[in-house]
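A.B. asks: Below: one structure in C-alpha cells.
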Amino acid sequence: MAETQSPEEITAWMALAILQFSSRLQTALLQRFQNSPQLALAASDAEREDIPGWLSRHTTRLHDPTFAVTAKQRHWLQEHPIQVLRLQDSDFPPLLREIPDSPPYLFVYGEYTTQHHLSVAVVGSRRATPYGRGIAEKLARELAEKGVTIVSGGAAGIDTSAHRGALAGAGQTI
C-alpha cells in the first residue's frame, strides 16, 4: 500500500469522488495538479479552465454545496481505516490499470492484498429496480460464500447491492 495518508488527504479524495466526474476528467485534473486532490480542489476556476474536458458545469458542481463532504462523512472517515490506492501506486490492481479510462484511485477499507483471487465484477444501473438490486445482492452473497471476491464500483444501485451481498456472505469485496 502507498504511504499513510492524513485524514485531510483522505477527505480531499472523498470530496473529489463526491463530484462524480468521469475517470478521464479526474485523471486530467489530478495530472494538472501533481496528483493532489487538495491542490486540485483549492485551485482557482481559471487554473482549471485548460484541463481537457473541463466544462462550465464542472465548475458549477465544484461550487455546489450539495456536492461537499458532510460532517457525518468526515466523522466516518476519521473513525475508519480508509486508505486511497492511486493509479500510480505499485499495488494498484494490474488488470484494472489496463482498462480504458481506469479509475485514478480506489478507496480501500479493510485488508487489501495484491494476491490473485477468483473474482467477479458486478456492475449495473444506478437507478436499478428493487428486483435488480435484490438479484445483485443475492448473487454477490452466494458467490462470496463460495470464496469469490466481488468487485464493483462505488455507485448507488447495483454496485452498492453487490457490495452488501458480499459483506452479508462474509466475503471480500473490492
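The values are calculated or read from the model by the stated rules, or taken from the named source; none is laboratory data. The structure displayed is predicted, hence computed values, not measured ones. For neighbour counting, all protein chains shown are included, and Cβ atoms are generated from backbone atoms with ideal geometry for every residue, glycine included. What goes into the accessible areas is simple: the full protein's heavy atoms, side chains included, and nothing from ligands, DNA or RNA. Shrake-Rupley method; radii C 1.70, N 1.55, O 1.52, S 1.80 Å.
A.B. asks: Considering the Cα positions of segment 31-89, please state its Rg to one decimal place and its Dmax as a whole number of Å.
C.D. replies: Rg then Dmax for segment 31-89, in Å: 13.9, 37.
A.B. asks: For a Förster distance of 35 Å, can you work out the FRET efficiency between the beta-carbons of Ala155 and Ser44, rounded to the nearest 0.05? Before the final figure, lay out the partial values.
C.D. replies: Working: r = 30 Å, r/R0 = 0.85.
Calculated transfer efficiency: 0.70.
A.B. asks: Quick check: the angle from helix 130-145's long axis to the longest principal axis of the chain, C-alpha only, nearest 10 degrees?
C.D. replies: The angle comes out near 70 degrees.
A.B. asks: May I ask you to give the solvent-accessible area per residue for the chain, in square angstrom, as obtained with a 1.4 angstrom probe? Can you show the working numbers first?
C.D. replies: On the way: 10660 Å² over 174 residues.
For the chain, the per-residue accessible area is 61 Å².
A.B. asks: Would you rank Ile158, Ile150 by solvent-accessible area, highest first, keeping every protein chain in place and using a 1.4 Å probe?
C.D. replies: Ile158, Ile150
A.B. asks: Kirkwood hydrodynamic radius, the chain, all distinct C-alpha pairs: what's the number in Å?
C.D. replies: Details: mean 1/r = 0.0575 Å⁻¹.
Taking every pair of different Cα atoms in the chain, averaging 1/r and inverting gives 17.4 Å.
A.B. asks: If you place +1 on the Cβ of every Lys and Arg and -1 on the Cβ of every Asp and Glu, how big does the dipole about the Cα centre of segment 104-167 come out, in debye to the nearest 20? Could the numbers behind the result be given before it?
C.D. replies: Details: 7 positive and 5 negative charges, 52 e Å.
The calculation lands at about 240 debye.
A.B. asks: Here's another thing I want to ask about it. With each run of n ≥ 4 DSSP H residues scored as -39500 (n - 2.57), what mean residue ellipticity at 222 nm is computed for the chain after dividing by its residue count and rounding to the nearest 500 deg cm²/dmol? List each step's numbers first, then the result.
C.D. replies: Working: 9 runs with 81 residues, N = 174.
Calculated mean residue ellipticity at 222 nm is -13000 deg cm²/dmol.
A.B. asks: Keeping all protein chains in position, work out how much accessible area Val122 exposes to a 1.4 Å probe, and write it in Å² to the nearest 10.
C.D. replies: We get 10 Å² for Val122.
A.B. asks: What's the longest bit of the chain with no exposed GluC sites (Glu not before Pro), using DSSP loop states and at most 13 other Cβ atoms within 10 Å as the test?
C.D. replies: Details: sites that count: Glu3, Glu49, Glu111.
Between the exposed loop sites, the longest stretch runs 112-174.
A.B. asks: Next question. Determine ³J(HN,Hα), in whole Hz, for all residues of segment 151-159 in sequence, where each value follows from phi through the Karplus function 6.51 cos²θ - 1.76 cosθ + 1.60 and θ = phi - 60°; x replaces Gly and Pro.
C.D. replies: 10, 7, x, x, 6, 5, x, 4, 4
A.B. asks: Can you tell me the Rg and the Dmax, both Å, for the Cα atoms in segment 131-174?
C.D. replies: Reported Rg and Dmax, both Å: 8.8, 25.
A.B. asks: Given a cut-off of under 8 Å on Cα pairs at least six residues apart, what relative contact order in percent is computed for the chain?
C.D. replies: Details: 238 pairs, mean separation 31.7, N = 174.
RCO, the chain: 18 percent.
A.B. asks: Test of understanding: given the chain, find the longest segment containing no trypsin sites (Lys or Arg not before Pro) that are in a DSSP loop and have at most 10 other Cβ atoms within 10 Å.
C.D. replies: Working: sites that count: Arg127, Lys146.
The answer is 1-126.
A.B. asks: Another question, if that's okay. Kindly work out what percent of the DSSP beta bridges joining two residues of segment 30-174 are antiparallel, to the nearest 5. Numbers along the way, then the final one.
C.D. replies: On the way: 5 of 9 bridges.
So the antiparallel bridges amount to about 55 percent of the total.
A.B. asks: Two decimals is fine: what's Rg over Rh for segment 87-174, C-alpha atoms, Kirkwood radius as Rh?
C.D. replies: Details: Rg = 13.0 Å, Rh = 13.3 Å.
With Rg and the Kirkwood Rh in hand, the quotient comes to 0.97.
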